[in-house]
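Asks: One structure follows; several queries about it will come next.
The values are calculated or read from the model by the stated rules, or taken from the named source; none is laboratory data. Treat the numbers as computed from the prediction; the structure is a model and nothing was measured. Here the Cβ is made from the backbone with ideal geometry for all residues, glycine too, and neighbour counts use every protein chain on show.
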Amino acid sequence: MKLSEYVRYDALGLAALVAKGDVRSEELQSAALQAIGALNPRINAVVEHWPGEAPDAGGAGGAFAGVPFLIKDVAIAMAGKRVELGSRIVAGHVAAADSNLMRHFKRAGLVTLGRTASPEMAFSTTTESLFNGPTRNPWNLEHSAGGSSGGSAAAVAAGIVPMAHATDAAGSIRVPAASTGLFGLKPTRGRVSNGPGMDEVFNGSGVQLGVSRTVRDSAALLDAINHPDAGEPYFTAPPAHTFLSEVARAPGRLRIGVMLPAWNGRQPAEDVAVATLAAAELCRSLGHDVDEARLDIGVSWEEFVHANAQIWCANLVGWIDGFAAASGRQAGLATLEPSTLACYEYGRHALAPAFAGALDVRNRVSRAVAAFFDKYDVLLTPALPETAQRIGAYTEGTARMDGLEWTAHVFRHSPYTPLFNVAGVPAMSVPLGSGTDGLPIGVQFTAGFGRDGLLLRLAGQLEQAAPWAGRIPPVWAGR
């Protein structure tokens, strides 16, 4: 199969070709590896690749049997393969066993070819680690692909694979999806296993799924991995219908609230505001009731950031201490980036009462978000306040920040996304706009707890009304 043919299909389309015998999985793997060789030197999305692992017997009939896939270098483990979290302190660490999610990916028939870049410890919304270097946006190589799933987003946007694994603890699926023109769904907390090694992931804020070029691929991927394992700390009951079936169902007449200013008071750039309001008008033209709204998060922005800094930085201490003990390396500037070390030190000095108070803030925010969705079905906001930043811009002036200041910096870059991780509700970035600089603009839609299917119905309707599959970046495997 030629690369120009390979890139015409989404993941389900490739799986259908394999199932019919029109193409062999080995041909698809060869095409993906060819694309890595041709494009990765330019975008630096894939940090390691290897010949695909044959799906186990249970995955032979999976929805994605034979389809090339990439996993992010964070929060997932593949037996015998390195997982390094974009960090020098973790360099060379090899996973002893598959994590729960890896087992589900294999069962779905996905053929994993390698690992994608992440910022160190996923503590950033750009992917520019000292360990692996910056990941570049296929739409403009001088700009970031976002983060923390920037490597996965760049690989999918460039056509290397049709979809890739991604994680999201404060926007890390939606930010890179918005930055690179992809569809990115953050599922409801408790739908996908983080275990057994990372059960909590910021005390419930972190979830996993992927980034894709079509809505149906993300929906089918969620079907494939929506199997919480025994003993999970968070559990959300499976839906009555498959997520894939929701994509083709009419969403009905929805009550959609539109909000432009973020909770920290930041206004979006003019082109982002225009794209968001155009998305609102598109929804109105599709028969939905759309009006201006404001979601009261129940706490001040400063309280919100402080609470997240307590949770994030305290969680980081255990990760770094564990990897330091395993590697024999000490935490310091020789092994950690300044921002990560600052967050580590901040977490080491966090007090138990402050941590308990942070969990109380989480619960207050969750109830405030739930109250909003008693009035509205969906909230529409920008996914980001501006298009993707230039490489290097993100860390300017951050060298002396402490852990609280770094958390505030991360949230200032992406003020629309972290609220919904704290509340645990589903949210998605849909590629409905383009900036004056030619870079993609993603628009965020959020729904109430457990209403992933509602978002997928709306996404399917939007994809039909304003298709984006034909938009391809200058760096593209099919060229």
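Asks: Residues of region 275-328 being polar (S, T, N, Q) and not in a loop (DSSP other than H, G, I, E, B), which ones?
Replies: Within region 275-328, THR276, SER285, ASN308, GLN310, ASN315, SER327 qualify.
Asks: Can you pull out every residue in region 433-458 that is touching a Pro at 6+ places or on another chain (Cβ under 7 Å), more than 15 Å from VAL369 (Cβ to Cβ) and in a strand (DSSP E or B)?
Replies: SER434, PRO440, GLY442, VAL443, listed by residue number.
Asks: Also, I was wondering about something else. Of these, ALA262, ALA237, ALA230, ALA220, which one is closer than 27 Å to SER193 by Cβ, of a type in the set (A, V, I, L, M) and buried (at least 20 other Cβ atoms within 10 Å of the Cβ)?
Replies: Sole residue among the options that is closer than 27 Å to SER193 by Cβ, of a type in the set (A, V, I, L, M) and buried (at least 20 other Cβ atoms within 10 Å of the Cβ): ALA220.
Asks: When you look at VAL272, is it assigned to a helix (DSSP H, G or I), out of contact with any helix residue (DSSP H, G or I) (no Cβ under 8 Å at 6 or more places or on another chain), aliphatic (A, V, I, L, M) and buried (at least 20 other Cβ atoms within 10 Å of the Cβ), yes or no?
Replies: yes
Asks: Specify which of the listed residues (ARG367, ARG362, ARG348) is among the basic types (Lys, Arg), modelled with pLDDT of 95 or more and farther than 30 Å from LEU260 by Cβ.
Replies: Just a single option satisfies the conditions, and that option is ARG348.
Asks: Scan region 408-418 for residues that are farther than 20 Å from ILE441 by Cα and within 15 Å of the chain's Cα centre (by Cα) and report the count.
Replies: Looking only at that region, the number is 0.
Asks: Would you pick out the residues in region 184-215 that are crowded, with 23+ Cβ neighbours inside 10 Å and charged (D, E, K, R)?
Replies: LYS186, ARG189, ARG191, ARG213 - these are the residues of region 184-215 that are crowded, with 23+ Cβ neighbours inside 10 Å and charged (D, E, K, R).
Asks: Specify which of the listed residues (PRO415, PRO382, PRO426) is modelled with pLDDT of 95 or more and out of contact with any Lys or Arg (no Cβ under 9 Å at 6 or more places or on another chain).
Replies: Going through PRO415, PRO382, PRO426 in turn, the sole match is PRO382.
Asks: Only residues that are of a type in the set (D, E, K, R) and closer than 20 Å to SER179 by Cβ: list them for region 462-479, please.
Replies: GLU463, ARG471
Asks: Follow-up question, since we're still on this one. Quick check: is even one residue across region 372-388 part of a helix (DSSP H, G or I) and closer than 29 Å to GLY197 by Cβ?
Replies: Taking every residue of region 372-388 in turn, none turns out to be part of a helix (DSSP H, G or I) and closer than 29 Å to GLY197 by Cβ.
Asks: Suppose we filter ASP402, ASP452 for residues that are acidic (Asp, Glu) and either buried (at least 21 other Cβ atoms within 10 Å of the Cβ) or touching a strand residue (DSSP E or B) at 6+ places or on another chain (Cβ under 7 Å) (or both); which single one remains?
Replies: Going through ASP402, ASP452 in turn, just one is acidic (Asp, Glu) and either buried (at least 21 other Cβ atoms within 10 Å of the Cβ) or touching a strand residue (DSSP E or B) at 6+ places or on another chain (Cβ under 7 Å) (or both): ASP452.
Asks: Of all residues in region 13-35, which are closer than 27 Å to SER118 by Cα and surrounded by fewer than 22 Cβ atoms within 10 Å (Cβ to Cβ)?
Replies: GLN29, SER30, LEU33, GLN34 - these are the residues of region 13-35 that are closer than 27 Å to SER118 by Cα and surrounded by fewer than 22 Cβ atoms within 10 Å (Cβ to Cβ).
Asks: If I go through region 346-369 residue by residue, how many of them are assigned to a helix (DSSP H, G or I), over 15 Å from ASN421 (Cβ atoms) and of a type in the set (Gly, Ala, Ser)?
Replies: 5
Asks: Which pairs have Cβ atoms under 6 Å, sit 6 or more apart or on different chains, and link a residue in region 6-23 that is closer than 15 Å to VAL161 by Cα to one that is part of a helix (DSSP H, G or I) and hydrophobic (A, V, I, L, M, F, W, C)?
Replies: TYR6/ALA31; LEU12/ALA220; LEU14/LEU28
Asks: Would you please name the residue that is nearest to ARG266 (Cα to Cα), looking only at residues in region 390-422 that are among the polar types (S, T, N, Q) and in contact with a helix residue (DSSP H, G or I) (Cβ under 8 Å, 6 or more places away or on another chain)?
Replies: Taking the candidates together, the pick is SER414.
Asks: So in region 229-268, with the set limited to residues that are outside any loop (DSSP other than H, G, I, E, B) and small (Gly, Ala, Ser), which one is farthest from PHE183 (Cα to Cα)?
Replies: Out of the qualifying residues, it is GLY257.
Asks: To continue, here is another question. How many of the residues making up region 80-95 are out of contact with any helix residue (DSSP H, G or I) (no Cβ under 7 Å at 6 or more places or on another chain) and either over 26 Å from ARG191 (Cβ atoms) or of a type in the set (Lys, Arg) (or both)?
Replies: Of the residues in that region, 7 qualify.
Asks: Please work out which residue is surrounded by the most Cβ atoms within 10 Å (Cβ to Cβ), limiting yourself to region 461-479 and to residues that are out of contact with any strand residue (DSSP E or B) (no Cβ under 9 Å at 6 or more places or on another chain) and farther than 30 Å from PRO251 by Cα.
Replies: This residue is ALA477.
Asks: Could you pull out every one of the strands (runs of 3 or more DSSP E) wholly within region 62-151 that has 1 or more residues that are within 17 Å of the chain's Cα centre (by Cα) and over 29 Å from VAL18 (Cβ atoms)?
Replies: 140-144
Asks: Would you confirm whether any residue within region 165-172 is over 11 Å from the mean Cα position of the chain (by Cα) and among the acidic types (Asp, Glu)?
Replies: No, there is no match, as no residue in region 165-172 is over 11 Å from the mean Cα position of the chain (by Cα) and among the acidic types (Asp, Glu).
Asks: Follow-up question, since we're still on this one. Tell me the residue from ALA230, ALA269, ALA237, ALA275 that is farther than 25 Å from LEU380 by Cα and either in contact (Cβ under 8 Å) with a residue 24 or more places away in the chain or of a type in the set (Ser, Thr, Tyr) (or both), please.
Replies: ALA237
Asks: Is there a residue in region 311-334 that is in contact with a Cys (Cβ under 6 Å, 6 or more places away or on another chain) and under 28 Å from ARG88 (Cα atoms)?
Replies: Checking region 311-334: at least one residue is in contact with a Cys (Cβ under 6 Å, 6 or more places away or on another chain) and under 28 Å from ARG88 (Cα atoms).
Asks: For region 162-183, how many residues are part of a loop (DSSP other than H, G, I, E, B) and either aliphatic (A, V, I, L, M) or surrounded by fewer than 24 Cβ atoms within 10 Å (Cβ to Cβ) (or both)?
Replies: 4
Asks: Let me ask another. Against the conditions (1) at pLDDT below 95; (2) in contact with a helix residue (DSSP H, G or I) (Cβ under 7 Å, 6 or more places away or on another chain); (3) closer than 23 Å to ARG362 by Cβ, where does ASP229 fall short? Just the number, please.
Replies: Of everything listed in (1) at pLDDT below 95; (2) in contact with a helix residue (DSSP H, G or I) (Cβ under 7 Å, 6 or more places away or on another chain); (3) closer than 23 Å to ARG362 by Cβ, ASP229 misses just condition (3).
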